[in-house]
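Each remark here refers to the structure printed beneath this line.
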Amino acid sequence: MASSAERHDLLFAAKLSEQAKRYDEMGDAMKKLVMMKVELSPEERSAFSMAYKKAIEPLRSSWGILQQGKSNEEINGAKQKVIRIREFQEKIESDLSSICEEVMSLLDKHLLPFTTNDENRVFYLKMKGDYYRYMAEYKTESEKKKAISNSLKAYQTAIVEAEGLPPLNPIMLGSNLNYSVFLYDIVKARRRAMAVARRTVDAAVGEIEGKMLNKEVYEDSMTILDLIKDNLARWAADVPLGSDDLFFVLRRFSL
């Protein structure tokens, strides 16, 4: 059984690595802590999430830049440049897959089976949806469909299990935010994404009125709500694409 001293040392090492911007080492420390198969504290949970977020974000950004460059060269008919860009993308995709698969393994084998905390469970399911979403960004054909299906399933399970949490709970809000982004960007179910976002904002606004809230929770919740509102404002200018009711989405991705 993991001792509190071991957990404290690993969390300290992770925080130190984060301050030094050595995110690989931050990830190594949190991986060791997670593999102890313990119920993570909010601080440990946040550090675990941040370690892998910092590792994957630069890769996602690099892949997106190359994808735009590839599209431009395809328009220009520069076949050799397209081939070179694609070769570079494949290297990045290999790194992306390694990170995503490691996160999935930690979630499925060491976190979800051992948590009895409702917030932790929703957080892990949301994180699972996120990393399948990241895979869907660069996978193709059957692998892309599988990643989308798995992401959809994880997000929807998180949403259902978050029903017992208050409408202003930051983890619940974060799940709805990321689910709506997934629907909009990956599935192209734009009206459905906007409906999820609007419902989340309406429920949260109703909860705010006349209630005294913890300052930290309030600030976290308001930050997420602002992101949802920003998305709604941006999405409102776009034209919906095709049939995007929930039945269509579920049927399309075989859930």
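In the range 10-27, whose amide N lies under 16 Å from the spot 7 Å out along Cα-to-Cβ of E102? List them in ranges.
The answer is 14-15, 17-18, 21-27.
Identify all lysines with a Cα-Cα distance to K37 below 30 Å; exclude those on the same chain that are fewer than 8 residues away in sequence.
Partners within reach: K15, K21, K53, K54, K109, K126, K128, K146, K153.
For each of W235, W63, count neighbouring Cβ atoms within 10 Å of the residue's Cβ, then give the residues from fewest to most. Numbers along the way, then the final one.
On the way: W235 17, W63 20.
Listing W235, W63 from fewest to most nearby Cβ atoms yields W235, W63.
Quantify how much of the Cα-Cα distance distribution of the range 1-116 extends past 26 Å, in percent. All intermediate terms of the calculation are to be shown ahead of the outcome.
Values: 2315 of 6670 pairs.
So the portion of pairs separated by more than 26 Å is 35 percent.
In the Gaussian network model of the chain, springs joining C-alpha atoms below 10 Å, which of A147, A204, A233 carries the largest mean-square fluctuation?
Checking each option, the largest mean-square fluctuation is seen for A233.
Helix-only estimate, please: 222 nm mean residue ellipticity of the chain, summing -39500 (n - 2.57) across DSSP H runs of length 4 or more and dividing by its residues, to the nearest 500.
Only helices count here, giving -26000 deg cm²/dmol.
Could you rank the peptides 170-180, 14-24 by their average count of other C-beta atoms within 10 Å per residue, with the highest value first? Mind showing how you got there, number by number?
Details: 170-180: 24.4, 14-24: 14.9.
Output ranking for 170-180, 14-24: 170-180, 14-24.
Just so you know, all these numbers are worked out from the coordinates, no wet-lab data involved. These numbers come from a predicted model, not from an experiment. Because the Cβ atoms are built from the backbone with ideal geometry, glycine has one as well, and the counts that use them run over all protein chains shown.
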